[in-house]
Every structure is written in C-alpha cells, then in structure tokens.
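Inspection log for the structure reproduced underneath, given as structure tokens.
Just so it is clear, none of the values below were taken in a lab; they were calculated from the coordinates. Fair warning: this is a prediction, and the values are worked out from it, not measured in the lab. Here Cβ is always computed from backbone atoms with ideal geometry, including for glycine, and neighbour counts include all displayed protein chains.
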Amino acid sequence: MSSSRRDVRARVMQALYARELSGDEVGHIVNQLLAPKFEGPPLRFAERLFLATLDRTEEANELIEAHAKNWELGRIALVDRLTLRIAITEMLHFEDIPPKVSINEAIEVAKRFSTPQSGTFLNGILDAVLKTLRKEGRIRKSGRGLLEATLPTTS
C-alpha cells in the first residue's frame, strides 16, 4: 500500500475529479478510489482531505477567482482547479501542514497530471492566496516548525 502524502494528494485529486465528472456519492468515491489504495493514517488523511476539500469548494473557488488574474474559474483546467482547492483547503484547515508544503505539493501534483505550465500557474495563484490569507490573519498553524513558517514576510 502506498502511503506518502504526495501519493495521497494525487489520489484525492483523482477522487475529486471522478466526483466532479460522475456525480457519484461521496461514500462510493471513497470506497472505490481511496480505501483500496491506503490504510491506517494515510487513509484517514485521504478521507479528511477529500471531504474537507468538497465541503470548502465555495471558499476555495472565491479565493481562486480573486487571485487568478485574467482567468475565469471555468476556464482553468479541471485538474488545476481541483489541485488549487486541495492546497487552499490545506492552508486554511490543516493546522499541522505548513502552507509552503501545501503549495509545493500542489505544484508537484500539477506537474504530474496537468500541463507543463500548470506548476508555474498554480504557484503564482497559491503564493498570492497565501499572502492574502496571512494579511487577513486566516492562517492558523500550530506545532513545532509551523509557527515560524507562517509569520508574515517583510519585503
């Protein structure tokens, strides 16, 4: 069984993609795409990330629309949109994951499943989203190494 968090994120993106295209029940998607691939903590992380991303689609979409200059949400490739939603959900609602890790992982998933330009495109949007979230005080991270990683940068 695979267990790296990158593998989990890639599989969660695929599960979100399947849900978007099929409209299948959430439980069916989890049972068919996540449960056979993972067990233990990786499965719990996959389920939590999948469900949290679905629950917060509107919130993520608003942030994407606000920061994707000259791009309507519907024109962004579906894989890129889903990967952006996952990263934004992690930044906002997974206190144990540093925002830069969420961004780097999103870039790697995009490189694997989307276009050659997707990594750069996602990086630009996610960096802008992170700056906004920090400015608004919406990033809440705890744990060793996370507090320092979320301090606003001076420039």
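Observations on the structure shown:
- Taking a ≥ b ≥ c as the square roots of the Cα gyration tensor eigenvalues, the chain comes out oblate, since a/c reaches at least 1.5 and a/b does not exceed b/c.
- Electrostatic dipole magnitude of region 56-155 [Cβ: Lys, Arg +1; Asp, Glu -1; Cα centre; debye, to 20]: 180 debye
- The C-alpha atoms of the chain define a longest principal axis, and helix 57-67 lies at about 40 degrees to it.
- Between the helical axis of 5-22 and the longest alpha-carbon principal axis of the chain there is an angle of about 70 degrees.
- Put in order of Cβ neighbour count within 10 Å, fewest first, the listed residues Ser4, Ser118 become Ser4, Ser118.
- Shape call, region 1-55: gyration tensor on alpha carbons, a/c limit 1.5: prolate
- Residue among Ala18, Phe45, Ile29 farthest towards the positive dipole end of region 1-55, charges placed on Cβ: Phe45
- Local electrostatic count at Ala52 - Lys and Arg +1, Asp and Glu -1, tallied over other residues with Cβ under 14 Å: -1
- Here the Karplus relation 6.51 cos²θ - 1.76 cosθ + 1.60, evaluated at θ = phi - 60°, turns the backbone of region 99-114 into coupling constants of x, 5, 5, 4, 5, 4, 5, 4, 4, 5, 5, 5, 4, 6, 10, 10 Hz, with x for every Gly and Pro.
- Between helix 40-55 and the chain: long-axis angle, C-alpha atoms, 0 to 90°, nearest 10: 70 degrees
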